[in-house]
Amino acid sequence: MKRMAVLTSGGDCSGMNAAIRAVVRYGLGHGIDVIGIQKGYQGLIDRHYDKMVSHSVSNTIQRGGTFLQSARCLEMHEDAGLELAAANLRGLGVQGLVVIGGGGSLRGAQALAGKGVPVVGIPASIDNDIPLTDMSLGVDTALNNIVHAVDCLKDTASSHDRAFVVETMGRDCGYLAVAAAIACGAEYALIPEKAYDIEAICESLQRRYREGRSNSILMVAEGAASAQEIADIIHDRVGYETRIMVLGHYQRGGTPTTFDRILGSRFGVEAVEALLAGEQGKMVALRAGGLTRVSLDEVIEQGIRTIDNSMLRLAETLEL
Ligand code: F6P
């Protein structure tokens, strides 16, 4: 392989820069030209790219977001867009492409593989909803952001005998809400994967209120309900003074945790190794602490990774 390219696509997350850096440095170290494509697939279609040198990635590992920038690109859903993207890569002499992104971006990578582009994906999405990998890039940083915010909230909530409903990201997967509930000692986690009984929740909050508990925290994944909707119900039925915090895009940014810097670096090197070994249509994955390569077809076929039952059980066991 003489030349390869790297792009970040879809929602950004912390740790993407570490992954780009590893792809660039490991590639250059193996005598491969590396092209950095700006703004994801949109930049590929619009021919917006730069040749990377070693210092292109200096001082990036500690920064959140993606210095290559990202975008959601509708043209990649159409055959003409895919053809153009593949032709642009061929025109550039690119013999391997690393795509760093979430479910939609990996679907784009699979479609490009179908057009003959040697491609390897790196799972990156704070939702932790990508199948066949224990963790995606960005999850750990997002979780730490949430935990920090909720720890702050608990101080003020308990000073005022308040309930707080905290809305996390997670359209189809409640991982962030459940993991944060465990880590923050929240009372409930409402998630898209599991029906919840708001009456039972209100009754148990009522009991807590009567027992004189100083605060109650409910985590709500955005795909399960809106924080305001749940807060209104609690306020009306329980009498708890209830406030909300919608964490939104705050969760996606900020200094990457050590875990995400190392995971991004490992994923980046593994992706280049996969391309050097002639593998294509693959995604690098973390399984039981080790790295492996799985088929993109299988990842896409499995759809959304939902929360593990063991995590859910742990959260439920500790909700009192
Ligand atoms: O997929 C990652 C994610 O952060 C989701 O949790 C969230 O629903 C979505 O992206 C938000 O997308 P956007 O940044 O385009 O508003």
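The values are calculated or read from the model by the stated rules, or taken from the named source; none is laboratory data. Fair warning: this is a prediction, and the values are worked out from it, not measured in the lab. Positions of Cβ are backbone-derived with ideal geometry, glycine not excepted, and every protein chain shown enters the neighbour counts. Surface accessibility is based on the protein's heavy atoms, side chains included, excluding ligands, DNA and RNA. Shrake-Rupley method; radii C 1.70, N 1.55, O 1.52, S 1.80 Å.
Yes/no per residue for (1) within 16 Å of the ligand (Cβ to nearest atom); (2) aliphatic (A, V, I, L, M); (3) touching a strand residue (DSSP E or B) at 6+ places or on another chain (Cβ under 9 Å):
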{"site": "215", "(1), (2), (3)": "no, no, yes"}
{"site": "235", "(1), (2), (3)": "no, no, yes"}
{"site": "255", "(1), (2), (3)": "no, no, no"}
{"site": "266", "(1), (2), (3)": "no, no, yes"}
{"site": "288", "(1), (2), (3)": "no, yes, no"}
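The strands (runs of 3 or more DSSP E) found entirely in segment 1-117 that carry 3 or more residues being within 16 Å of the ligand (Cβ to nearest atom) and under 20 Å from the mean Cα position of the chain (by Cα) are 96-101. Among residues of segment 252-270 that are more than 19 Å from residue 292 (Cβ to Cβ) and without any contact (Cβ under 8 Å) to a residue 12 or more places away in the chain, those with a beta-carbon under 9 Å from a residue that is part of a helix (DSSP H, G or I) and open to solvent by 30 Å² or more (accessible area, probe 1.4 Å) at least six positions away or on a different chain give the pairs 258/140. Annotation: of all residues in segment 181-194 being within 19 Å of the chain's Cα centre (by Cα) and closer than 22 Å to residue 103 by Cα, the one that is surrounded by the most Cβ atoms within 10 Å (Cβ to Cβ) is 191.
One residue is enough: does segment 162-182 have a residue meeting the conditions modelled with pLDDT under 95 and farther than 30 Å from residue 80 by Cα? Checking segment 162-182: at least one residue is modelled with pLDDT under 95 and farther than 30 Å from residue 80 by Cα. Here is the figure for segment 136-178: residues that are open to solvent by 10 Å² or more (accessible area, probe 1.4 Å) and either in a helix (DSSP H, G or I) or more than 16 Å from the ligand (Cβ to nearest atom) (or both) total 20. Pairs are defined by a Cβ separation below 9 Å, a sequence spacing of at least 6 or placement on different chains, a first member in segment 103-114 that is more than 15 Å from residue 11 (Cα to Cα) and free of Cβ contacts under 8 Å to residues at least 60 places away in the same chain, and a second member that is among the β-branched types (Val, Ile, Thr) and crowded, with 24+ Cβ neighbours inside 10 Å; the pairs so defined are 112/99; 112/119. Scanning segment 195-229 for residues that are open to solvent by 20 Å² or more (accessible area, probe 1.4 Å), touching a residue at least 24 places away in the same chain (Cβ under 8 Å) and aliphatic (A, V, I, L, M) returns 198, 224.
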